[in-house]
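Below: the structure, in C-alpha cells.
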C-alpha cells in the first residue's frame, strides 16, 4: 500500500502528465475534410460491436462534393448515453474517406460511406445559423489564406458565433496568424478590432471573453486596448484579465496602480500586481508575497516574477507549499538552475515531510546529468526504503526493493 501510494503521488506531480483531449478541433478537421455538410441524421445502424453507420439527408454543403445518397460511419468504442447523431436532428459534419484498415474493409467491402473526421468527433449537433455562416466563411478561404492575416475577419466571426468550443479554436488560430497587429490596424482593421472588442462583456461566454483579453495581451493588440480598459474597470471575472491585457499592451502599469492591485481582496488582481511589479523594492516585495500571501496563485506568480533572483534554496523550499500552483511555478527555475539545486533537493528528499519528498525526487529528474546521478545513488543504497522506491520509479524502473 505504501509503495503504491508513493508511486501514484510521484506520477501525479510530474509536470506535463495531463492527458490530451480526444480528436482535433472542428476547424482543423473541416479544413482538411473531403466534405463538410449540414443535414439531418437518419436511424443509426450497428455494423458490428463498435462500428456504426447512418444516412444523412443533406440540406447544405459547406465544402466539397459529398456523394448522394450520403451515409456516414464512425466507431463508438464505449457505451454512450445518447446517440452520436440524434435522429432527425440537424448535424454539421466534417467527413473524410474511410480508414484503410482491414476492419473497415470488412465492414464496408464495397466502400460507400464517408467517415466522420477526427475519429468521429468532427461534428456539431443543432448548430446555430450564425455558426454555420461563420464556418462557411472560413472554409470559403483558400487553404493558404486560412493561415494568413487574410483569415482574421472570418476567424473573428467564428469567435462571435454562439459555439464556445469553436470560438476558442478560432482564438487559437488568430493567435497563430502572422501580422495580426497589422491586420487590426488602419480603418478596416479598426472595425475588426472593434468587432472583436465588443465580444468582451458579461453577455459573452466568460471563457471566450477571457480568451480575447489573453490574446490581446499576448499579441499586444492596441486595437483591443479600449476593451481591456472597460473590462478592468468593472468588478467581476473579466477585471483581472482586463488589467493583465492593459499591462501587456502598454508595457506595464503605473506604480500607484500596481500598489492598488496588490491591496485588493481578489487574488487574481493581486497576481497581476505581482507579475508587473517594478522597483523600488520589487525583490523584497515579491519575497514577502511568496512567504505570506494567503493565495497559492499569488505566491506562484511572485515566484515566477522573481525568476533568476530566486535562490536555489527558495525554489526548492517552494516544493513544500501546499498549493500545486506554487510547486509548478518552482519547477522551471529548478530546471534552469540545474546542478545548484541538487543539494537542496536531496536534503528535502531525505528530511522533508508529506508530499515534499516525492516532489523533490520528481524535480531531480529535471536536472541532467547531475539529478539522474543523484537518483542512481538514492536508488542503489539509501537506507530509507521509501526513498529508494521513489528514486527507482523516477528512473523509470517499475521494480521495488523486495527487502525494505
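A few comments on the model shown:
- Only one of the numbered conditions (1) assigned to a helix (DSSP H, G or I); (2) assigned by TED's automatic domain parsing to the domain that holds residue 54; (3) buried (at least 19 other Cβ atoms within 10 Å of the Cβ) is violated by residue 134, and that is (2).
- Within the range 97-108, tally of residues that are surrounded by 15 or more Cβ atoms within 10 Å (Cβ to Cβ) and over 18 Å from residue 29 (Cα atoms): 3
- When residue 213 is tested against (1) in a loop (DSSP other than H, G, I, E, B); (2) on the phi < 0 side of the Ramachandran plot, exactly one condition is not met: (1).
- Residue selected from the range 71-81 under the condition out of contact with any helix residue (DSSP H, G or I) (no Cβ under 8 Å at 6 or more places or on another chain) and surrounded by fewer than 20 Cβ atoms within 10 Å (Cβ to Cβ), by the criterion nearest to residue 116 (Cα to Cα): 71
- Selection from the range 114-130 of residues that are part of a helix (DSSP H, G or I) and either more than 25 Å from the chain's Cα centre (by Cα) or surrounded by 22 or more Cβ atoms within 10 Å (Cβ to Cβ) (or both): 117, 129, 130
- Check on residue 98, closer than 18 Å to residue 37 by Cβ, without any contact (Cβ under 8 Å) to a residue 40 or more places away in the chain and assigned to a loop (DSSP other than H, G, I, E, B): yes
- For first residues located in the range 55-80 and touching a residue at least 60 places away in the same chain (Cβ under 8 Å), partners that are assigned to a loop (DSSP other than H, G, I, E, B) and lie 6+ apart or on another chain with Cβ distances below 9 Å form the pairs 62/140; 63/33; 63/34; 63/140.
- Options 397, 337, 388: the member that is assigned to a helix (DSSP H, G or I), outside the structural domain of residue 274 (by TED's automatic domain parsing), out of contact with any strand residue (DSSP E or B) (no Cβ under 8 Å at 6 or more places or on another chain) and without any contact (Cβ under 8 Å) to a residue 24 or more places away in the chain: 388
- Here residue 252 meets each of (1) in a loop (DSSP other than H, G, I, E, B); (2) closer than 30 Å to residue 124 by Cα; (3) in contact (Cβ under 8 Å) with a residue 12 or more places away in the chain with one exception, condition (2).
- The one condition in (1) in the same structural domain as residue 176 (by TED's automatic domain parsing); (2) in contact (Cβ under 8 Å) with a residue 12 or more places away in the chain that residue 258 fails to fulfil: (1)
- Number of residues in the range 37-68 that are part of a loop (DSSP other than H, G, I, E, B) and under 10 Å from residue 113 (Cβ atoms): the value is 2.
- Filtered residues of the range 224-249 (kept if more than 25 Å from the chain's Cα centre (by Cα) and assigned to a helix (DSSP H, G or I)): 226, 229, 230, 233
Residue-wise test of (1) at pLDDT below 90; (2) farther than 24 Å from residue 169 by Cβ.
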| position | (1), (2) |
| --- | --- |
| 14 | yes, yes |
| 28 | no, no |
| 47 | no, yes |
| 66 | no, no |
| 70 | no, yes |
| 91 | no, no |
| 98 | no, yes |
| 103 | no, yes |
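- For the range 82-96, a residue qualifies if it is within 28 Å of the chain's Cα centre (by Cα) and loosely packed, with under 15 Cβ neighbours inside 10 Å, and exactly one does: 82.
The values are calculated or read from the model by the stated rules, or taken from the named source; none is laboratory data. Owing to the predicted nature of the structure, the values given are computational and were not obtained by experimental measurement. Glycine gets a Cβ as well: all are built from the backbone with ideal geometry, and neighbour counts include every protein chain shown.
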